[in-house]
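The values are calculated or read from the model by the stated rules, or taken from the named source; none is laboratory data. Not measured: the values here are computed from a predicted model. Backbone-built Cβ (ideal geometry, glycine too); neighbour counts: all protein chains shown. With ligands, DNA and RNA removed, areas are computed over all heavy atoms of the protein, side chains included. Shrake-Rupley method; radii C 1.70, N 1.55, O 1.52, S 1.80 Å.
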Amino acid sequence: MQAPTLTRHDVLVCEDDPATAHFVRAILESCGAACDVVENGEAAIDAAAAGEWDLILMDIGLPGIDGIEATRRIRQITDCSGRWIPLVLFTAMSGASVWVDGLRAGADDIVPKAIDQSLLKAKLRGLLSASAQARLLAERSRQLRAYHDAAEREKDFGRHVLTALTRRGQLADPALFVWQREVDGLSGDLVAHRRVGDAHYLLLADAMGHGMSAALVTILVADMFYAMAAKALPLPDIAVELNRKLVRTLPPGNFVGATLVRAQSGRLDVINAGMPACLLLRGAAVVAEFASRNLPFGIEIGESGPVAEAVAAQPGDRLVLLSDGVLEGPLALDTLVAAVADGSVGAALDAVDAFRDDATCAALDL
């Protein structure tokens, strides 16, 4: 790799002796560096705070604020800015204690004033190369922060729109409990619920993938579900139409797992299409399980209709629907069932630090 030159570097020199300042300036300018010279520590501190420097060279034996104290104060400034600037002290003093004090104050190197010109150039090249890398890293860090902030703003916007589009049903119904957590800012899990007369229509869907692509699918699914539930259509009709629409809309290889529920007058109808089994609880006991008996929506299934199950439910029963993100988490299924039964499931799920996938739990009191 070609050795870096000092071209396009801005260097601040603090030296009260005109001859030494002239010597240092000549070395820097012969290498193409832009060089500003100040004569005391206070001026160096002000210049360090006001400018963007690639290197600072400072004499230790300055009048007023000496080079060591000026170094300490400059380091406070650069530490707050988050950008490292190499700082070199030069001195005619030979005592070790002075050098130690300078390094403790934040200097990166100390050189004697009697240093050979070629050695000084070599030191400066090394420090300026490191400074250039630090500036590049700082700029990339700034760009990453800007990208992250923009992405977060887009997620907030998307979350707001998705909430408005997918939760316009009755999720606030007192008979319904919903807990969700997304892993990528936008969830591919969808809970939709509508009460039509004394009938509950409930959907838990899990779109393939994560983030925006999965969340966009939930808009389509929610729109269709709410429209058909409002018409009180039978579950098989809803399932057939959802699948037909998703087959036409989704790219090949993409699908949506879904559980459809209709509860009315002690009768519970369930269609499970590629989702974990939903559970019917009576107290703390599981009295029925509705495992998946259908392919996920978005897969062509020919002329065969969806397989639906129907059971009788009693007042006080509770139907629990879970996405696979919950089951892949650290909580065992029997722990979740017990938490649902005693009403602590929300707190139990909140206590989990992280899920690997979008996670949703919904419970409907019958």
From (1) closer than 18 Å to residue 25 by Cβ; (2) surrounded by fewer than 17 Cβ atoms within 10 Å (Cβ to Cβ), pick out the condition that doesn't hold for residue 87. (2)
When you scan the range 287-294, do you find a residue that is closer than 19 Å to residue 242 by Cβ, in a loop (DSSP other than H, G, I, E, B), open to solvent by 20 Å² or more (accessible area, probe 1.4 Å) and at pLDDT 90 or above, even just one? yes
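For every residue, the table says whether it meets (1) in contact (Cβ under 8 Å) with a residue 40 or more places away in the chain; (2) over 20 Å from residue 208 (Cβ atoms); (3) not acidic (Asp, Glu).
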{"position": "236", "(1), (2), (3)": "yes, yes, yes"}
{"position": "255", "(1), (2), (3)": "yes, no, yes"}
{"position": "285", "(1), (2), (3)": "no, yes, yes"}
{"position": "293", "(1), (2), (3)": "no, no, yes"}
{"position": "298", "(1), (2), (3)": "yes, no, yes"}
{"position": "303", "(1), (2), (3)": "no, yes, no"}
{"position": "307", "(1), (2), (3)": "no, yes, yes"}
{"position": "310", "(1), (2), (3)": "yes, yes, yes"}
{"position": "335", "(1), (2), (3)": "no, yes, yes"}
Looking only at the range 315-330, count every residue that is open to solvent by less than 60 Å² (accessible area, probe 1.4 Å), of a type outside the set (Asp, Glu) and more than 17 Å from residue 286 (Cα to Cα) and tell me the total. 4
Which of the residues that make up the range 252-274 are on the phi < 0 side of the Ramachandran plot and either open to solvent by 10 Å² or more (accessible area, probe 1.4 Å) or among the small types (Gly, Ala, Ser) (or both)? 252, 254, 255, 257, 258, 262, 263, 264, 267, 269, 273
Strands (runs of 3 or more DSSP E) lying entirely in the range 96-206 (those with 2 or more residues that are out of contact with any Asp or Glu (no Cβ under 8 Å at 6 or more places or on another chain) and open to solvent by less than 20 Å² (accessible area, probe 1.4 Å)): 109-112, 189-196
From the list 335, 360, pick out the single residue that is among the β-branched types (Val, Ile, Thr), out of contact with any strand residue (DSSP E or B) (no Cβ under 8 Å at 6 or more places or on another chain) and either outside any strand (DSSP E or B) or within 16 Å of residue 204 (Cβ to Cβ) (or both). 335
Report, by residue number, each residue of the range 66-92 that is more than 16 Å from residue 53 (Cβ to Cβ) and in a loop (DSSP other than H, G, I, E, B). 66, 92
Within the bounds of the range 39-57, is there any residue that is of a type in the set (A, V, I, L, M, F, W, C), buried (at least 23 other Cβ atoms within 10 Å of the Cβ), touching a Ser or Thr at 6+ places or on another chain (Cβ under 8 Å) and part of a strand (DSSP E or B)? yes
I need the full set of residues from the range 207-227 which are without any contact (Cβ under 8 Å) to a residue 40 or more places away in the chain and surrounded by fewer than 21 Cβ atoms within 10 Å (Cβ to Cβ), in order please. 211, 213, 216, 220, 224, 227
Looking only at the range 35-54, count how many residues are within 21 Å of residue 19 (Cβ to Cβ) and at pLDDT below 90. 1
